[in-house]
Every structure is written in structure tokens, then in C-alpha cells.
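Down below is the structure, laid out as C-alpha cells.
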Amino acid sequence: AAPIRPQSGSINRCVTVWVYIDERTGKLLDVGVERTLISRPLALSFQSATALLDGSLESAEDPYLAKTNAILAVAERNLKLWSEYHRERNEAAKAREERLAARETVGQELYGNKRGRDDGQAGFQRTRGHRLVDACLDIYGYAMNGLLHRSKAYVPRVAGTGMDRLG
């Protein structure tokens, strides 16, 4: 396998949504949005991220991979705590998890471990890499919705969705 390296280029100006998560309970303590500078992005496939998290991609000898693995592990731990906390208190989040679990079960029954692709064409997948990205997107939507609600900004909604669905 080719080594994982950041894309070429320099620093990137971006807008960052940041969150503070209580590491004991998973409760969201604070959120914000600010302009930031970040280093070059590291493009990981779901397969590479999962391999790092599972320990099947050796990272001890490569300091760059070791750092990436450490960041993924902390993000996974805290986002998993938040996701569990959120599902316990939000019926829509709980129902969404149940739908995803059902899709995962069907995908396992249809394809088993014969997945050769990482784009969903060979069945619905929920590897650790997929779960991490899903949790990031979920907390992003939740945090942004909260910030918009606090600032009393108008948020257009799809018919049939409410504040609990973040539609």
C-alpha cells in the first residue's frame, strides 16, 4: 500500500465548527464557528481510516501515521460518547440509528465480507471510518442548527421536518 501523505499545497483558510464534548458523559459543552488556518488536508479513504483505527495498518514506525492514528482515536472516542448521549435524548437520532443499523444488517446478509469497493456500490457499509465520518456530520448539523437557533436566524426547513430532525 502507498504511504498516506497530505495533499500538496500550503496552509488553507477555512471556517471551522468547533465543539467541546464532556469526555465523561458525551454532553456537548460549547460550540462555535470561527475563521481558521489549517495545515494541508490528509485524504483518507474509509478503508484507510478503519485500518488505522483497528490497528491493521502499522503506524508505529511512521510518525505521520502515528499522529493521524492518535487524532482519529480521540475523535472517535469523543464523537461516540456524544452520539450515545444524543441518541438517549433525541428520538429522531435514535430512530436514525435504528434505520442505519437495519441497512447495515441487510448489507451484511447480501454481501457479507465480500466488499471490494468503498463507495457503497457493493452494499451499505458502516466500518469504523464510516461511523466516524457520520458522527462528524451529525454533530456538525446539530451544532450549526443550535448556533442558528440561538442567533434567531431563519432556517428554511423541508416540509415534515422539525427542530429534532434538523431537516
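The values are calculated or read from the model by the stated rules, or taken from the named source; none is laboratory data. Note that the coordinates shown come from a computational prediction; the quantities given were computed from them, not determined experimentally. For accessibility, only protein heavy atoms count, side chains too; no ligands or nucleic acids. Shrake-Rupley method; radii C 1.70, N 1.55, O 1.52, S 1.80 Å.
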For the range 3-106, the Cα convex hull volume per residue in Å³ comes to 143 Å³
Go through the range 124-131 residue by residue and turn each phi into a ³J(HN,Hα) via Karplus (6.51, -1.76, 1.60, θ = phi - 60°); whole Hz please, and just put x for glycine and proline.
5, 10, 9, 6, 4, x, 4, 5
Could you rank 30, 54 by how accessible they are, 1.4 Å probe, largest area first?
54, 30
Name the residues whose placed amide hydrogens come within less than 5 Å of the amide hydrogen of residue 21, ignoring near sequence neighbours (fewer than 5 apart) on the same chain.
29
What is the gain in length, in nm to one decimal, between residue 36 and residue 155 on full extension, counting 0.36 nm per residue of separation less the C-alpha to C-alpha distance?
40.4 nm
Once 14, 136 are ranked on solvent-accessible area with the largest value leading and a 1.4 Å probe, the list reads 136, 14
Stretched out fully, how many nm does the piece from residue 64 to residue 144 gain, at 0.36 nm a residue minus the Cα gap?
25.7 nm
